[in-house]
Each structure stands twice: as C-alpha cells, then as structure tokens.
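Okay, so here's the structure we're looking at.
The values are calculated or read from the model by the stated rules, or taken from the named source; none is laboratory data. These numbers come from a predicted model, not from an experiment. Using ideal geometry, Cβ is built from the backbone for each residue, glycine included, and neighbour counts are taken over all protein chains shown.
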Amino acid sequence: MLEYRIGTLASHSALGILAGARAEGFKTILFSPTQRRKRVYDNFNAADETIVLENGYHDLLHVCDDQTILIPHGSFVSYLPLDEFLRAPLKIFGTRELLRWESDRDLKSELMKDAGLRVPAETTEPDRVKFPCIVKYHGARGGKGFFVSKNKQDLNSKLTGEPAVIQHYISGVKVYVTYFRSIMRDRLEIFGTDIRYESSVDAKLHFDDNPSFTIVGNLPMILRESLLEEYLAMGEQFVEAVQRKVGVPMVGPFCLETIIDENLKIHTFEFSGRIVAGTNLYIPHSPYSYLYFGKEMWMGKRIALEVREASENAQIDQICV
Amino acid sequence: MLEYRIGTLASHSALGILAGARAEGFKTILFSPTQRRKRVYDNFNAADETIVLENGYHDLLHVCDDQTILIPHGSFVSYLPLDEFLRAPLKIFGTRELLRWESDRDLKSELMKDAGLRVPAETTEPDRVKFPCIVKYHGARGGKGFFVSKNKQDLNSKLTGEPAVIQHYISGVKVYVTYFRSIMRDRLEIFGTDIRYESSVDAKLHFDDNPSFTIVGNLPMILRESLLEEYLAMGEQFVEAVQRKVGVPMVGPFCLETIIDENLKIHTFEFSGRIVAGTNLYIPHSPYSYLYFGKEMWMGKRIALEVREASENAQIDQICV
Amino acid sequence: MLEYRIGTLASHSALGILAGARAEGFKTILFSPTQRRKRVYDNFNAADETIVLENGYHDLLHVCDDQTILIPHGSFVSYLPLDEFLRAPLKIFGTRELLRWESDRDLKSELMKDAGLRVPAETTEPDRVKFPCIVKYHGARGGKGFFVSKNKQDLNSKLTGEPAVIQHYISGVKVYVTYFRSIMRDRLEIFGTDIRYESSVDAKLHFDDNPSFTIVGNLPMILRESLLEEYLAMGEQFVEAVQRKVGVPMVGPFCLETIIDENLKIHTFEFSGRIVAGTNLYIPHSPYSYLYFGKEMWMGKRIALEVREASENAQIDQICV
C-alpha cells in the first residue's frame, strides 16, 4: 500500500499523469477549475477523486493535503500565483524553484547561457534587435500574441508598448526535446521529441502576412540519430546548470525548445522545467522510452515510477526539492 | 462461436477493420473490386475469405449474405449507389441513414447547424461568397478538384459552372477528431486526432498559385488537452442532433472535421458519419484509446468489440440501425 | 545459443538495430567513431560490447570478426570506402552490392527505370533541364547543399561547377515507403511510411528564397489505403529488377522515395538499398508491421528475426548475399 497519492490540475497533461500514476499503483486526485472541465476527466475515468476548485485555481493551495504529491505542469505556471505556490506547504514533484526561472525571462536566459547552450540574441530594446525577430509579450499564454517581424519599420508599426522580449528569429526547424532526470536511477533519459502545431502559422494556405503562434497541439517527430549526441550533452549541461544556479538537483522532466538550422547547429530559445504537453503524444510510449524500458512507459508513468521508487526508499524529499 | 462474421470493401480502412474483427474473434470476409486489389489484402493475410466483385462495387449488394455484418467506410459512400445500398436487406453496422446526410451537402449543413456547431458560411451563389473561399464540387473524391480563391475576379475565372458549394475558408489549422459512440457501454469516446496530408497543398515548395487538395494520407497529432472540453461537448451535441434529425441513435464512429483559428475558436466544416481513414494511423492504439482501454485498441477493433458485445447480448439490431 | 552476434556502426538507426537484435536473442557489438558518440549508446544501454574506432570508420574493416553479422545503414554508405567495404571478408546482412547501385547516380537511375518506376527527368547538363528543378551535388550528405531552381537564369547563377545531377522537381508531396523483403518467409512486407523533416525547407516561416534540405529527422504518416496497391506492385518490381540487374536476390529492407502529385501519380526519385532512418519512428511498431505480426516489430527486430530464422536453418549465406 503506497503512502502517497498523486494529484494534479485538470489540464495540459493531466490525463497522462493520472493514468501513469494508476499504472504504478497510486490512488489519484484531480483538481478541476470547473464542473465542465471535470466532465472530460470523468469521460476518461481518469481520477479516483476530483475536487472542483469553486473559487478558482488558487484554491488548490488550500484544499491539497500533505499525503498528495502534486505533479506540476504548464497550467500551474500559467494560472497559479507563483510565489505563493512555491512557498506553500505542498509536496510538489520535481525542482519546484525551477518554475520561477522558467517564468522569469531574465532568469531563463541566464540559466540557458550558464548551461553553455547556443541561445538566440535577445533584447527588450527595439533599437538593438537582430532581424528577423520574434516578439514575445510577457504573460502571453500558449504563444498567443507572439509575432514576427522582418525589419525595423515593420517592428515599430507592430509594437504596442507592452513589455516584451524580442528574440532573433533563427531560420530553421523547431524541435522540442523532453528529458527525464531520474534521481532514483541516477541517469538522464531522452524521452521524446515533438513539434508544436500552431494556428495560424501551420495553416496550409496563408491569406495574411502576420501568422500567429497559438498552440493547438503537438506533432510527433524523431531526430536524426547522430544529433542525439549533442542533445544528450545539452541535457547534461542543463542539469549541471540547474544545480549550479538554482542550488538544488534537477529532478524529473524538462524540455529544451530548439531550432536546428541548415548547418545542423542547434539553437535553444526556451526551456520548460517540468512536464510539457508534447509528452501527450507518447502514450503509451515513445520510440526512445521503449528503447529504455522495453515496455509501455510514458511521461506520466515515468514520473509515478520515480515517486514509487523514492517512496519505497523513504526518499520522497529527494524528488520534491 | 460467434454467430456473425464481419465484412467490408477492400479499400479505405479495411486492413484495420479486418484485423480488429479477427482480434475480437470474428471470421472475416472481404469484397474486392479487382484481383489486383485483392493482392494487397492477401499480402497482409487480412481476410478469411475474399470475393472479387467481377461486375463492380454494385455487386456487393447481391453477394453479401445475412450472416455478415458490413462495416461501411468512405468507399461505400463514394462508390456504391447510395439509395440502393441503404434500402438493401444487409446488416450494416452503425447509423446507416447518416451516410445519406453525409453525402448530401444541404442535409450535412443542416445537421451540423442543428448540433450547434460553428460552421463556416456556405453558399452555392458566387455573388454571396465570403472570401477567401474554398470551392467544393459535388462528387469530388478525396479532395480532388477543390480549389481556393481570394477574391471575386479570381473566383469567376476559375468556376466551371459545375454544381459546387462555396465555403468561407477559415484561416487556421485543420484537426480531424474521430469519436466512437458506444451503445453497449453507453458512452462517447474521443478516439484520435489527425491531419490530412494533401497533394499539392502540403508540398514543401510551391511553384504554382493553385495548390490542390488531393488526399494522399494522414498525419498524427494530439490536441492541447484543454481543447478536449469543447470537442467532447461538440461530439455530444452531434450525437443528440443525429437522434433529433435522423431519428435514430448515433452508433459507432464519426468524425468532425474542424479548423482551429488563432483565437482557439473551433469551426466545423464537414463531418463523416462512419469510420475515417485517419484511424489507420492509430493501429494498434492512439494515445486516447490507450487511456480508455489500457491496451491495444484501434478503431477496427473497437467496432468489432461493439459488435461482439451486442451479439453476446442478442442486441445486433441496436448497433445496425 | 545463437552462433552469430549482430553489429553495426554507432549512428543512423543503430539504436533500433541493436535493440531488435537483443529482442531476438542476439549478443550485440557496436562500432563507434568516437568516445563521445559511444556515450549516447551507453546511455541507452544499447550494446553488449563497444569498440571505438580510434583511426576512423575505416577501422571497422579490420576489427570486425567473422562471427559478427554487420547490419549496414546510411552511415556505411556515407563514411566507408565503398569498394573496400564491399570486397572485405565481412558478413554483411542484405544485398551488399546494391549499396554500390545506391551510391552511383547512373546505376541508381538505371535500376529504377529497369523496375518500371516513374522517374523524374534527370540530367547533368544545365541546357537540358526541365524546370522547376532540384540540384543534387554528388557526395552531398543528408540533403545538405541541395537547392531548387525555377528557371535557367536562376540555375546558372547558382551552379558552382561541381559535379551535380539536376532532377525535374515534381510538384507534390513526398512519401518514403520502406519495405522488407524476407527470404526466409518468401514475402515482401510494406513496413512503414514517413516524411523527412528538413531544415530549412520545413521552417514555419521563410525569410529567404533558397530553402535548404538538411535532414534533421523524420515525421510519421500513413498512406491512403487504396495507394498500397501501386506501392506493393512497385516494391515487387524493384525486387525483380535487383535480381535482374544486380544478379542477386533483394534481401532485407529497402526504401522507395517518392512524390505523389495531385493526380495521385507516384514518381520515384531515389531509393535506398538498406535500412533507412525513417524506421526509427516505428519503434516498437508501425501500423503496418503490427498488421503483419500482431505484436512489437520494428525494422531492427525484423532484421534480427530474419537472421535468426536463417541461422536456425543454416542459411546465413542466403541473407548475406
């Protein structure tokens, strides 16, 4: 009988997290923002118990007990008051403080550079922009409101004055690589690779010159095998940088968001310090996770496996850091 | 020993249908339009028995016995005389009459609107077109002959005078969502999501301004999890509309063919009232089907499971409506 | 206890090859060009033994013993001295001599034409080019350096004088179809279909008019089922042409690289006479391989299964031709 149960918010990658928890023998609890949202998870019979957060996401901080290990995902970062969440007396799987570094544009750049990753030039000053560029407003969710610009005149006509970071737009193809850092098995796993499917930039036909980047889903892809060498090194460097800068070990899933140019140079333009939605593609396995485990293993199950092994060794404090 | 066998036409999604039937313990029969086509299915050892329809598809109506449950797919809609097929004394899985609504442009629009879906403006009169538009000739198969137009002058130069429906072309990305309505388990399952791969609009480089929409295959994708809430509601509304308008229950697979715009608004521009070819991607499972069943479950197998459960309960009439 | 072990070079599709060999009960050996590369395969615990080729790929010819069956892949073709490799007293799985036909542009065209495939017009003389065209320099690796051109003036301004073949660029979508010719079971299997993911031609936005074709990975897709009829015939014709022109049986995996135009005509512009990287997508199975085997079966495992069956029948000479 496992001591803890596993819980998460009803969004983003919760279906895989809950199914993975069950597959590893855990009881599950879901925190849903609305009754309507709860219906989706009921349809999949996803959780043993569901609590509807009648007063909004914030309620999570008050209704979650200390026998629940929370698995944070993108909606935690987008919808919870971050400081309060990080200070709350909750058991949160993974490297809790890394969520702050992910959310703060300056800390984010600092960490990627410290890891020795090739990062596109980035500025907040329109006069110092390298073109083409992509403009990312703070607080933009799911890519909505991002836009690209080819030259200064165009950029000036589009900027609204809201705080934004302006990144050099590297010509190439995007690849999102998800890793899992296991403390229990002391290794770094390359878990899967995907591409985002975005409206309207992925439309088959374009009738306007300002495509948008609203994420509607994810597409599977697999890397040229010779590129794994550099991606493995990048993941290891990131793990080391987290220890160095954040001061605690990297635990669990993270994602490096990259562009590969035509010379096969890899540029990292973002990271996520927790499970990403691209892992939803790989239920019940990715090619890579199958190679490691030889059976069904998706990210939600991988997380639960780590929790179970920590629990059996009375080392929960090692994976909720 | 199961009372019925399962049969279908040698095209579209027959490999998955037959393999699924076998996996659920059924004997299978294949109706092939030619000897050459039969060879594909023999290569996969797909059927227990194959009948070549020497006089064309139409022969199916005469050679299929009443111990066979036919699983209709896109080729039934494209190649059989619809009225005759629907009146024939055959056991046809699913909501037989819905194939008529799918095939008739006016009935199709009526049903989608009755379901409360957001439908693009549509007209047959060139003067009332909302641009950009897509022109769909009646009887066009697999997207061949469809074209887009940005303005009135361009449209008039391209129209041939054949009967066509002209739809407002919504800017965004397409997502095809397949559902399974189970009578035996009284639930609606979200079974998988895909994108069509079309020549030439999906070509990497374009050398002409009039790309075509001939379907050559399907690409897998997975939805942003928060969008499932609306897609589940849309599926439920569709099921209710079928009961209301067609007058019988929705049974088995159907597909809503949608465009998601940059504001995450979902527009439904077509439906299919039977298995779609996008399900071929998800043999032996989709992420969603795995979440429901925790094992191999593709659409062909799901259909056979429904038939088996109905057969065991002597309720075949409930699933061939 | 199996008599042979299975070995390959540390690149391209080695992870799947080694995992497949293990799944069929073989011991495995990996030949790695560097220590750094070895780390990737160690990370996946991929091989029982690894030899680092301190003096470069060429060393493989000297360190590989005769109890090892080598599985050739794309890196063998790119990095080994071909003549020496083909003459070496090594046990090489598949149709060894076909690697020469794959590497020589003239032999390659000859074989495809002999197989009766529809091949794009091809020339080395800029005056006889059919536009639009794609220029492929000899020895280009992974598509790097390929470019397209719309007209003569543009072409002349881009040609560098290096030896190149100039192919008519067919407007349509690409589909890479992988087959497995089994000698032991005397059949041809359609194993999977994929699309290449290329930088920068697959970039979401283009800021320059000369996109490049550097392969960074592969994307899954599935064919419209009615197209399998022609693809099966094409594969069979290719197998016959190999026997006729190369003078030995086609053994194991090969790939036809095709473009489907808007009239569903299939054009074949390249072939590979061995495992391709697109098979990496389909670990542990593709929809097609699952239909044949009803369980986990990826290309690396399929190869090992063929080797095992040959070994058990003392017919290794039948599959290393």
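Tabulated values for the structure
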| quantity | calculated |
| --- | --- |
| Total residues in the stretch B:192-241, condition farther than 25 Å from residue C:231 by Cα and in contact with a helix residue (DSSP H, G or I) (Cβ under 6 Å, 6 or more places away or on another chain) | 6 |
| Filter result (assigned to a helix (DSSP H, G or I) and within 10 Å of another protein chain (Cβ to nearest Cβ)) within the stretch B:32-41 | B:36, B:37, B:38, B:39, B:40, B:41 |
| Whichever residue in the stretch C:162-188 is assigned to a loop (DSSP other than H, G, I, E, B) and farther than 19 Å from residue C:292 by Cβ and, among such residues, is farthest from the other protein chains (Cβ to nearest Cβ) | C:163 |
| Positions within the stretch C:1-26 being in a loop (DSSP other than H, G, I, E, B) and over 22 Å from residue C:272 (Cα atoms), in sequence order | C:1, C:2, C:3, C:4, C:24, C:25, C:26 |
| Residue match in the stretch C:152-172 (condition: crowded, with 17+ Cβ neighbours inside 10 Å and either under 16 Å from the mean Cα position of the chain (by Cα) or of a type in the set (Lys, Arg) (or both)) | no |
| Selection status of residue B:134, in contact (Cβ under 8 Å) with a residue 24 or more places away in the chain and more than 14 Å from chain A (Cβ to nearest Cβ) | no |
| Tally of residues being within 30 Å of residue C:241 (Cβ to Cβ) and of a type in the set (Lys, Arg) across the stretch C:116-158 | 6 |
| Matching residues in the stretch B:192-211 - criterion: being in a strand (DSSP E or B) and either touching a Lys or Arg at 6+ places or on another chain (Cβ under 7 Å) or within 11 Å of another protein chain (Cβ to nearest Cβ) (or both) | B:193, B:194, B:195, B:196, B:197, B:198, B:199, B:200 |
| Conditions (1) assigned to a helix (DSSP H, G or I); (2) in contact (Cβ under 8 Å) with a residue 24 or more places away in the chain; (3) not polar (S, T, N, Q); number of the one not met by residue B:229 | (2) |
| Criterion: closer than 26 Å to residue A:300 by Cα and in contact with a Ser or Thr (Cβ under 9 Å, 6 or more places away or on another chain) - qualifying residue of A:86, A:82 | A:82 |
| Selection status of residue A:45, more than 14 Å from every other protein chain (Cβ to nearest Cβ) and without any contact (Cβ under 8 Å) to a residue 12 or more places away in the chain | no |
| Unique match (being at pLDDT 95 or above and touching a Lys or Arg at 6+ places or on another chain (Cβ under 7 Å)) among C:221, C:234, C:250 | C:250 |
| Lone qualifier among B:195, B:215 - being outside the structural domain of residue B:138 (by TED's automatic domain parsing), within 25 Å of residue A:40 (Cβ to Cβ) and in contact (Cβ under 8 Å) with a residue 12 or more places away in the chain | B:195 |
| Total residues in the stretch B:212-226, condition more than 7 Å from chain C (Cβ to nearest Cβ) and buried (at least 20 other Cβ atoms within 10 Å of the Cβ) | 6 |
| Test: residue in the stretch C:54-62 that is over 22 Å from residue A:226 (Cα atoms) and either outside the structural domain of residue C:278 (by TED's automatic domain parsing) or without any contact (Cβ under 8 Å) to a residue 24 or more places away in the chain (or both) | yes |
| For residue B:29: the one exception among (1) more than 20 Å from residue B:251 (Cα to Cα); (2) in contact (Cβ under 8 Å) with a residue 60 or more places away in the chain; (3) among the aliphatic types (A, V, I, L, M); (4) not in a helix (DSSP H, G or I) | (2) |
